[in-house]
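The values are calculated or read from the model by the stated rules, or taken from the named source; none is laboratory data. On a predicted model such as this, the values are computed, not experimentally measured, just so you know. Methodologically, a virtual Cβ is constructed for each residue, glycine included, from the backbone with ideal geometry; neighbour enumeration extends over all protein chains shown.
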Amino acid sequence: MFVDQVKATLCAGKGGNGCVSFRREWRVPRGGPDGGRGGAGGSIYLVSDENLNSLVSFRYRPINKAKKGAHGEGGNRQGKKGEDLHLRVPVGTTVKEKNKEDVLFDFTSPGQKYLAAEGGKGGRGNASYASSTHQAPREREEGQPGEEKDFILELKLVADVGLIGFPNVGKSTLISKISAAKPVIADYPFTTLIPNLGVVDVDEFRSFVIADIPGLIEGAHLGHGLGIKFLRHVERTKILLHLIDVSPYTERDPVQDFRAVMKELEAFSPRLVKRHQILAANKIDLLGTKERGLSEVRKLARREGLPFFAISALKEEGLKKLVNSTSKALDLLGENKE
């Protein structure tokens, strides 16, 4: 199951109580205080793991608690520290406190660690209260409670290229042809219910990651269709690859489809429409002599100043040129960033 947003309650462990104790040994009538300190409670850490691609574990276990610290004992024995809890999250996860917009941490690479809830401190035992004027203290401290916080965890896929377009334009077919990803493919809308990631090997030394974002429709940013659920996954991408169906069998206007997708991206985040974009007209193998849709999209690309490619994902026509151009664009973007 793919889960990209969850609520999680994290409860760190309570610190152990301090101990009141006095040394009692043969021939030591006034041994003095020897109550030890309580152990600290366990803390909770979030750790990014490149082998995970979903937050589903939090769906089934939304409340996670770390161990308590053990109480102090006589003989100046300190209580054992509560065991820390390490919870794995996918790379690309952002951490926010519930009802707050500020991002506390953003996991952008494997092995990163974030202290989400700190364990409580152990209480002092009576030995720590002893002084020259207070030689038989009976004071001690209770352990402090650990932090308890409610978080919103959001997964935003880490991909170089975001593959976007209306349902049934051939996005799943394209990603299956240029990478090893094997999405479910069928001839009805909303076949793709989750984003698919694929690694595209350009040559022996170059590759990039492409994400197939489930089909957008008009009103996606308002919650229509699947769009609002997955629009967040295009936020990290460096390039947006628009795929448009130009076959004569579609009843849709390809130019209007492009405008609608751009409108939804801008409504969700104005920054998205400023990303580097590539326009690809798909299903040219079905054109025959009816090339009106293809010529309209070619003119659209010229007006918008976008790189244009005519392809057939199914027949693998024009894919090598598209992949090479996308890779070069990513290289240029990386150089400009540096």
Next item on the list: Residue by residue through segment 6-24, note down the ones that are within 17 Å of A40 (Cα to Cα) and not in a strand (DSSP E or B).
Entry: A12, G13, K14, G15, G16, N17, G18, C19
Checklist line | Criterion: over 24 Å from R275 (Cβ atoms), in contact with a Phe, Trp or Tyr (Cβ under 6 Å, 6 or more places away or on another chain) and outside the structural domain of N196 (by TED's automatic domain parsing) - qualifying residue of H134, H86 | finding: H86
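Yes/no matrix, rows are residues, columns are (1) modelled with pLDDT of 85 or more; (2) in a loop (DSSP other than H, G, I, E, B); (3) within 17 Å of S172 (Cβ to Cβ):
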| residue | (1), (2), (3) |
| --- | --- |
| F205 | no, yes, no |
| I217 | no, yes, yes |
| H221 | no, no, no |
| L243 | yes, no, yes |
| Y249 | no, yes, no |
| R252 | no, yes, no |
| F258 | yes, no, no |
| M262 | yes, no, no |
Margin query: I'm trying to understand the selection: among the residues of segment 137-183, which are among the small types (G, A, S) and within 30 Å of I278 (Cα to Cα)?
Written below: A159, G162, G165, G170, S172, S176, S179, A180, A181
Notebook entry, point to check: Among (1) outside any helix (DSSP H, G or I); (2) buried (at least 21 other Cβ atoms within 10 Å of the Cβ); (3) in contact with a Phe, Trp or Tyr (Cβ under 9 Å, 6 or more places away or on another chain); (4) of a type outside the set (S, T, N, Q), which single condition is L231 missing?
Noted result: (1)
Checklist line | Test: residue in segment 311-318 that is surrounded by 20 or more Cβ atoms within 10 Å (Cβ to Cβ) and in a helix (DSSP H, G or I) | finding: no
Margin query: Given the condition out of contact with any Phe, Trp or Tyr (no Cβ under 8 Å at 6 or more places or on another chain), modelled with pLDDT under 70 and more than 30 Å from P62 (Cα to Cα), answer yes or no: does some residue in segment 167-178 qualify?
Written below: no
